[in-house]
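For reference, the structure discussed in these notes is given below.
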Amino acid sequence: MPSHQPERRPPQRTSPEATERLRTGLHRAETAVVEAELAERPSERFLAAHHAALQVAAVVLALRTSPAARGLRSRPRNAWRMVADVAPELGEWAGFFAATEAKRDAVRAGAVSIVSSREADDLVRDARAFLSLVQRSVG
């Protein structure tokens, strides 16, 4: 689990609409983390935690990319690679969550027994920590 703090950026002026989108995105991410915490089976917790981390990544991307750049569809890109590109201080987190994608895909395909309860709980805690870090960085 990465541990360094993101750099603090000076507050930017944002429109009320952008502020509301940010608040909504953070709320979605918080809800996703709670759903991960409440999931009963390890495989469900693991998938929900990965989904929660992706919700946090979506907030980061919304904050750090322009609407025009988000609208470009030249080729599909991995969300974690994009986070590392637009928020280098979160690159270690992006690499960490990217490394869980193969297991996530295997669980989605039905290999539910490959995730231990401890591993699922750890990923839930990591998703919560990632969310907290992003919340602190945006104030």
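Would you be able to tell me the number of residues in segment 22-50 that are polar (S, T, N, Q) and at pLDDT 95 or above?
Taking segment 22-50 first, the residues polar (S, T, N, Q) are 24, 31, 43.
Narrowing the set further to residues that are at pLDDT 95 or above leaves 31, 43.
Matching residues across segment 22-50 total 2.
Take segment 32-45 and flag every residue that is within 13 Å of Ala127 (Cβ to Cβ) and surrounded by 15 or more Cβ atoms within 10 Å (Cβ to Cβ).
Ala32, Val33, Glu35, Ala36, Glu37, Ala39, Arg45
For segment 74-122, list the helices (runs of 4 or more DSSP H) that sit wholly inside it and hold at least 3 residues that are touching a residue at least 40 places away in the same chain (Cβ under 8 Å) and either closer than 14 Å to Leu61 by Cβ or of a type outside the set (S, T, N, Q) (or both); which are they?
91-98, 101-108
Looking at Ala48, Ala94, Ala57, Ala29, which one is in contact with a Lys or Arg (Cβ under 8 Å, 6 or more places away or on another chain) and crowded, with 20+ Cβ neighbours inside 10 Å?
The unique qualifying residue is Ala94.
Could you pull out the residue among Ala120, Ala111, Ala87 that is among the aliphatic types (A, V, I, L, M), modelled with pLDDT under 95 and farther than 22 Å from Thr19 by Cα?
It is Ala111.
The values are calculated or read from the model by the stated rules, or taken from the named source; none is laboratory data. If you're wondering where the values come from, they're calculated on a predicted model, not measured in any experiment. Ideal geometry is used to build each Cβ from the backbone, glycine not excepted, and the neighbour counts take in all protein chains shown.
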